[in-house]
Amino acid sequence: MPNEKMLSEHINSCNTPIYQTATYVFKDTEQVIQYHKGEVELGRYGRYSNPNWTEAEEHLARLDDAEEALLFSTGMNAIVTAMLTFIRSGDNIIFTGNCYRNTRTFFTSMLSDMGVTAYPVSSADPEQFDEVFLKQYRVLQPKIIFVEAPCNPHLYLVDIKKIRSIIHSDTLLVVDSTMSSPYNFKPLYFGADLVIHSCTKYLSGHGDIMAGSIAGSKELIRQVRAYRGVVGGIADPRCAALLNRSLKTFGLRMKHYNQAGMKLARYLEDSPYVDRVFYTGLESHPHADLAKKQLKGHGGVLSFDIKGDSQETARFVDTVQLPFMGSNFGTDTTLIEQCSVFTYYHYTGDERRELDISDSLIRLSLGYENVDLIIDDIETSFIKALPHIKQ
């Protein structure tokens, strides 16, 4: 609900107007000086501030239980800006190797060109992760630990609290929890220094904007804000306004995703057409115990291997009627993709095997449709695409 201050500033409008401006003006020199001294809160230039951002940032900070938050043009821009704010040539980074492919590309290719060493550690096996991470941490003494949890597309988790207990206090622990959202996971509570989201996904919820966010302490956010003010990875005011619209229904939407995702995951796990299901709400997930400690819910994204080859998997995703073929999640429509073809097409066979991306791996991202209709559609498509499998 709008607060009294917002109502007074916007002439009792229930929604904040869109401040479509790049220019802010001052009434006199004294006011400019007051602005520089921090005695008055005013806009200076469109790259530094906007009331629509401010509203979104305040809401995002509350969602992540953070002192402050910042809004960016995309989730990737948030990641890149966070890294470039704190990393320098000669520094080392450890990151979860099972992560969004463009995050991996940024770490392994672009940062290496800047003289930064980024070491990936697989988060697939909890015990192996602990062993490899500890060994590499002692050797590299990294400046930053970057964790994507849950990760894309297997939803692997990492024990954030354990990592915090191992690393030095001056080692920055950054967590991208886009696939969980602040509704289901609050990394700052477990010891993270910064938490990043692609607001394009669950926080937006309608598939109509692109934005990213970073939340954390005032001091860390102050440094990131200064960097953002120079490089300009800002969100458009209309984008911020649409995000503010979406945040009003965020909790309601996440309840739907959690309930529908659990129902679909259980159906798939019992299906004779399915080999493996990756969903943190299932006991079969390798991080099920950790999920119980860290997560409030498990969201509307899941991945599964069907009992078919590449062609049969393609036939299945081509046969379903309700899901659209696309790569996003947290939107109003259900989306489906054959991972090896859609997202990892340009990866070599060895690269896909390293990341456990099989030809039969499918990622499905639920929308707001009745999940029973999605299940019926999937069942019909299984029968058509995999007729050799007996029910």
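The values are calculated or read from the model by the stated rules, or taken from the named source; none is laboratory data. Every value quoted in this text rests on a predicted model; they were computed, and no experiment measured them. Cβ: placed from backbone, ideal geometry, glycine included. Neighbour counts: every protein chain shown. Surface accessibility is based on the protein's heavy atoms, side chains included, excluding ligands, DNA and RNA. Shrake-Rupley method; radii C 1.70, N 1.55, O 1.52, S 1.80 Å.
Distance between the modelled labels on ASP332 and GLN141, one decimal in nanometres: 5.4 nm (7 Å Cα→Cβ projection). A protection proxy built from the mean count of other Cβ atoms within 10 Å ranks the segments 33-42, 167-176, 195-204, most packed first, as 195-204, 167-176, 33-42. To the nearest 10, the accessible area of GLU58 is 110 Å² with a 1.4 Å probe.
In a DSSP loop and with at most 13 other Cβ atoms within 10 Å, the chymotrypsin sites (Phe, Trp or Tyr not before Pro) in segment 311-391 are TYR345.
Recomputing Cα extents along the principal axes in Å from the coordinates shown identifies the correct label among [x] 78, 48, 42; [y] 62, 45, 39; [z] 80, 53, 36 as [z].
Put a dot 7 Å past the Cα of TYR24, heading toward its Cβ, do the same for THR117, and the two dots end up 4.4 nm apart.
In order along segment 359-368, the phi-based Karplus estimate (6.51 cos²θ - 1.76 cosθ + 1.60, θ = phi - 60°) of 3J(HN,Hα) comes to 5, 9, 7, 10, 10, 10, 10, 5, x, 9 Hz; Gly and Pro are listed as x. Calculated mean residue ellipticity at 222 nm for the chain: -12000 deg cm²/dmol, from DSSP H runs with n ≥ 4 weighted as -39500 (n - 2.57), summed, divided by the residue count and rounded to 500. MET325: accessible area at probe 1.4 Å, nearest 10 Å²? Ignoring ligands and nucleic acids, MET325 comes out at about 110 Å².
A Cβ-based charge dipole, computed about the Cα centre of segment 25-135 with Lys and Arg at +1 and Asp and Glu at -1, lands at about 560 debye. Scalar couplings 3J(HN,Hα) for segment 216-228, obtained by applying the Karplus form with A = 6.51, B = -1.76, C = 1.60 to θ = phi - 60°, are x, 6, 4, 5, 5, 5, 4, 5, 5, 4, 4, 5, 4 Hz; x denotes Gly and Pro. Surface listing: ILE209, ILE166 arranged by accessible area from highest to lowest gives ILE166, ILE209, probe 1.4 Å.
Around the amide H of VAL274, modelled in the peptide plane, lie the amide H atoms of LYS307, all under 5 Å away and 5 or more residues distant in sequence or on another chain. The C-alpha atoms of the chain define a longest principal axis, and helix 371-385 lies at about 40 degrees to it. Here SER310 sits with roughly 30 square angstrom of accessible surface, probe radius 1.4 Å. For the pair MET110 and SER310, the difference between a 0.36 nm per residue extended length and the Cα-Cα distance amounts to 68.8 nm. Measure nothing fancy, just the Cα-based angle from helix 51-63's long axis to the longest principal axis of the chain, in degrees from 0 to 90, nearest 10. Once rounded, the angle reads 50 degrees. Shown is the FRET efficiency for HIS256 and GLN223, computed with R0 = 35 Å from the Cβ-Cβ distance and rounded to the nearest 0.05: 0.40. You can think of it this way: the chain between ASP270 and ASP372 has 35.2 nm of extra reach, that is 0.36 nm per residue less the Cα-Cα gap. Using the Cβ-Cβ distance between THR249 and GLU41 with R0 set to 25 Å, the FRET efficiency works out to roughly 0.30.
Could you state the number of Å between the C-alpha centres of segment 214-246 and segment 111-132? Centre-to-centre distance over Cα atoms comes out at 28 Å.
Taking a Cβ cut-off of under 12 Å around ASP372, the surrounding Lys, Arg, Asp and Glu residues balance to a net charge of -3, with basic ones at +1 and acidic ones at -1.
Less than 5 angstrom separates the built amide H of GLY97 from those of VAL121, SER122, SER123, all sequence-distant by 5 or more or on a different chain.
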